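*Asks:* One structure is given below, represented as structure tokens, and several questions about it will come after.
The values are calculated or read from the model by the stated rules, or taken from the named source; none is laboratory data. Because the structure is predicted, anything quoted here is derived from the model rather than measured. Here Cβ is always computed from backbone atoms with ideal geometry, including for glycine, and neighbour counts include all displayed protein chains. Side chains included, ligands, DNA and RNA excluded: accessible areas come from the protein's heavy atoms. Shrake-Rupley method; radii C 1.70, N 1.55, O 1.52, S 1.80 Å.
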Amino acid sequence: MKIGIVLYPTFGGSGIVATELGKALAEKGHEIHFISYNHPVKLDHFLPNIRYHEVRPFDYPLFDYQPYELALTSKLVDVTRYENLDILHCHYAIPHASAAYFAKQILKTHNIDIPFITTLHGTDITLVGKHPAFEPVITFSINESDAVTVVSESLKRDTFRHFAVTNDIEVIPNFVEHTHYCNVPKEDDLARRKAMAPNGERIISHVSNFRKVKRIEDVVRVFEKIRKKTPAKLILAGDGPERYKIEQLCEELGVCGDVEMLGNVQTASEIYCISDLFILPSETESFGLAALEALASGVPVISSNTGGLPEVNEHGVSGFLSNVGDVDDMAKNSLEILKSDENLARFKQQAYEHSLNFSLKNVLPKYEAIYERLVNKAVAK
Ligand code: GMT
């Protein structure tokens with residue numbers, strides 16, 4: 001099949017899921033066309049069966065805002081026509097789903113009937129999408145999509161709660177390709193671990209795009225409480241608007257010496273590989289891909305119990321869940337996991353085993369089944 005994947009090219013979870021999905025489909029022999037305004041961060045150049053098409057909005061002095069959605073729509077029309085695409089798959093509703101709808105209408109005038117599938121990822125529904133500036137367009141484009149998927153049961157409930165959706169919604173959870181994550185640390189990993197924690201301290205980590213919704217200040221507060229009871233180091237990876245605030249908080253709490261702020265990293269897997277515990281205390285989280293990546297690396301997760309996190313992190317098994325903002329409970333649970341090497345090893349094993357429920361090989365066929373259904377329907381018309 002020839003599949004156009006419309007995505008954000010940044011470190012956000014939706015872009016990573018879309019990229020990994022495209023790469024896996026290409027490996028199975030599908031022809032994948034990534035469409036975005038920048039080369040996706042997790043996509044290497046020159047991969048078999050993969051092409052990248054860049055959207056370049058046209059600037060003009062009259063425009064205060066460049067009309068990205070129109071440039072994207074035109075690109076979808078062009079790529080569909082000249083690459084003979086069978087289907088478009090939009091990751092994140094804004095503005096991808098409405099651009100795909102518009103492109104579909106234009107393509108009809110060229111006697112092309114292209115189905116499009118919209119995968120909702122989270123903030124496109126829970127934070128941004130429901131804002132009055134977008135809501136009517138999002139509702140319309142969800143209802144007009146040929147298929148709609150969401151990454152968790154929780155996001156499905158939120159979508160029906162916030163939007164007048166009449167379309168069916170299928171839950172296809174996010175996934176990991178386990179071979180990309182380390183289960184048993186290699187020599188290089190052990191050297192990295194030694195550099196970060198020379199005296200055998202426990203390593204706690206957090207990876208995100210440093211937005212308010214991630215509540216990174218809770219990570220630092222939990223860490224401070226852990227560190228009072230057991231020697232520990234904290235790795236914070238990622239970058240975003242909260243970064244300066246977090247640097248200040250580290251100073252205020254006097255923990256800077258034990259906190260490593262890495263900024264954006266290409267290979268978060270190296271961080272998970274040397275971690276003993278991963279903390280994700282988000283205010284809202286439709287799924288929590290970073291938590292799943294940690295689990296796949298055999299790292300137990302301390303998270304809030306919001307949104308889709310209870311679907312990813314099993315309380316008492318792969319880690320623990322606490323109410324949003326309850327840093328005392330998160331610290332208590334962390335110390336419970338870290339209390340002995342034996343206990344930590346047990347949780348690490350359980351974390352890895354739990355992550356197997358979300359392996360790529362289970363999830364990929366679900367997307368392929370939808371593509372086949374829609375393409376066959378379009379051909380039969
Ligand atoms: O908010 C982010 O972290 C980025 C955002 C995105 O769409 O890129 O992430 C959302 O999608 C991820 C992939 O499906 C999910 O794992 C995240 O939980 C979700 N973020 C939120 O719901 C806040």
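*Asks:* Distance between Cα centroids, the stretch 58-113 to the stretch 211-268: provide it in whole Å.
*Replies:* 40 Å
*Asks:* Grab the Cα-Cα distance for K108 and L253, subtract it from 0.36 nm times how many residues apart they are, and report the gain in nm with one decimal.
*Replies:* 46.1 nm
*Asks:* Right, another one. Within 10 Å, count the other beta carbons around each residue, average over each peptide in 59-70, 232-243, 344-355, and list them highest first.
*Replies:* With the highest mean Cβ count within 10 Å placed first, the list reads 232-243, 344-355, 59-70.
*Asks:* Helix 13-27 versus the longest principal axis of the chain: what angle, 0 to 90°, nearest 10, using Cα atoms?
*Replies:* Tilt relative to the chain: about 70 degrees.
*Asks:* To continue, here is another question. Given a 1.4 angstrom probe, I'd like the percentage of the accessible area of the chain that is carbon and sulfur, rounded to a whole number.
*Replies:* 51 percent
*Asks:* What relative contact order, as a whole-number percentage, does the chain give when Cα pairs under 8 Å and 6 or more residues apart are counted?
*Replies:* Relative CO of the chain lands at 13 percent.
*Asks:* What accessible area per residue, rounded to a whole number of Å², is obtained for the chain using a probe radius of 1.4 Å?
*Replies:* Value for the chain: 44 Å² per residue.
*Asks:* Among G257, P173, I106, which residue has its Cα furthest toward the positive end of the charge dipole of the chain, with +1 on Lys/Arg Cβ and -1 on Asp/Glu Cβ?
*Replies:* I106
*Asks:* Additional query: Using a 1.4 Å probe, how large is the accessible area of S152, given in Å² and rounded to the nearest 10?
*Replies:* S152 exposes around 0 Å² with every protein chain in place.
*Asks:* Give me the distance between the Cα centres of the stretch 119-183 and the stretch 345-381, rounded to whole Å.
*Replies:* Using only Cα atoms to place each centre, the spacing works out to 16 Å.
*Asks:* Please find the FRET efficiency linking Y37 to K228, where r is the Cβ-Cβ separation and R0 is fixed at 35 Å, and quote it to the nearest 0.05.
*Replies:* 0.15
*Asks:* Tally Lys/Arg at +1 and Asp/Glu at -1 over every other residue whose Cβ is under 14 Å from the Cβ of N376; what's the total?
*Replies:* Residues close to N376 contribute a combined charge of -2.
*Asks:* I want to check the label-to-label distance for K361 and A71. Put each point 7 Å from Cα in the C-beta direction and report it in nm to one decimal.
*Replies:* So the two model labels end up 4.2 nm from each other.
*Asks:* To continue, here is another question. Using just the helices of the chain, give the 222 nm mean residue ellipticity in deg cm²/dmol: DSSP H runs with n ≥ 4 each add -39,500 (n - 2.57), and the total is spread over all residues, rounded to 500.
*Replies:* That calculation yields -13500 deg cm²/dmol at 222 nm.
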